[in-house]
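Read-outs: derived from the displayed coordinates by stated rules, not from any lab. Computed from a predicted model, the values in this text were never measured in an experiment. Quick reminder, even Gly has a Cβ in these numbers, built from the backbone with ideal geometry, and neighbours come from all protein chains shown.
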Amino acid sequence: MIYLNIGSNLPLEEGGREENILKAISCLRKLNLDLIEISSFYQTPSYPNNSDPKFINLCIKLKSNLNSSELLNEIKKIEKKLGRTRIKKNEPRTCDIDIIDFNGEIIKNDELETPHPRLHLRNFVIYPLKEIEPNWYHPIFNKNIDSFFQELDKNSHNEITRLGKSDILN
């Protein structure tokens, strides 16, 4: 299984943050990916600058015939199409798509690292991933998603808000 996290904290002219994420999912569908499950939307403060607009994120479970490099290349095209610019790290953005896990493979190269190297620290990844794959297991840390959920500090649990489920799969 492949798991993607999609986020947005800047609206496009023609829609809000949720609409950006739905447009990203629509673009992914055009790649003939098998979208299996999509989590609820979750809202969190922007990191590291809390004064930036809040982020909305969700997680997608899918299958694909694309290899990891091909998928990453397509993701970058989608982000660009949806107005993503890469000027400064952690800046506000219209669309951010991260490969969290690619079929359980441990990948580390100049372009991609999976499992995502900071997923275990990010409530906006842990919550939606736990929702759609409660038995997900980290192949490097040898821990399941519930362990990471339990290890989040109190603030990480308090600052995240589940906004509701998208019906985009229907």
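Among Leu35, Leu22, a tally of other beta-carbon atoms within 10 Å of each Cβ gives an order, fewest to most, of Leu35, Leu22.
Cβ-Cβ distance of Leu121 and Lys81, R₀ of 41 Å, FRET efficiency by 1/(1 + (r/R0)^6): the value works out to about 0.90.
Before rounding to the nearest 500, sum -39500 (n - 2.57) across all DSSP H runs of length at least 4 in the chain and divide by the residue total; then give [θ] at 222 nm in deg cm²/dmol.
Values: 5 runs with 49 residues, N = 170.
Result for the chain: -8500 deg cm²/dmol, rounded to the nearest 500.
Pairs of Cα atoms nearer than 8 Å and 6+ residues apart set the relative contact order; for region 79-129 it is 23 percent.
Comparing mean-square fluctuations of Glu19, Glu151, Glu74 from a GNM of the chain with C-alpha springs under 10 Å, the top value falls on Glu151. Global dimensions of region 1-66 from alpha-carbon coordinates: Rg and Dmax equal 12.9, 40 Å. Comparing mean-square fluctuations of His157, His138, His120 from a GNM of the chain with C-alpha springs under 10 Å, the top value falls on His157. In a simple Cβ point-charge model (Lys, Arg +1; Asp, Glu -1; nothing else charged), region 2-165 has a dipole of about 280 debye relative to its Cα centre. Listed by chain and number, the lysines whose C-alpha is less than 25 Å from the C-alpha of Lys154, apart from same-chain residues fewer than 8 away, are Lys54, Lys130, Lys143, Lys165. Across the options Leu58, His157, Tyr137, the greatest Cα extent toward the positive end of the charge dipole of region 2-165 (unit charges at beta carbon of Lys, Arg, Asp, Glu) belongs to Leu58. If I build a Gaussian network model for the chain, linking alpha-carbon pairs within less than 10 angstrom, which residue out of Ser69, Ser46, Ser156 has the largest mean-square fluctuation? The residue that fluctuates most here is Ser69.
Two-decimal Rg/Rh of the chain from alpha-carbon positions, Kirkwood Rh? Walk me through the numbers before you get to the answer.
Numbers: Rg = 14.9 Å, Rh = 16.1 Å.
Looking at the chain, the ratio lands at 0.93.
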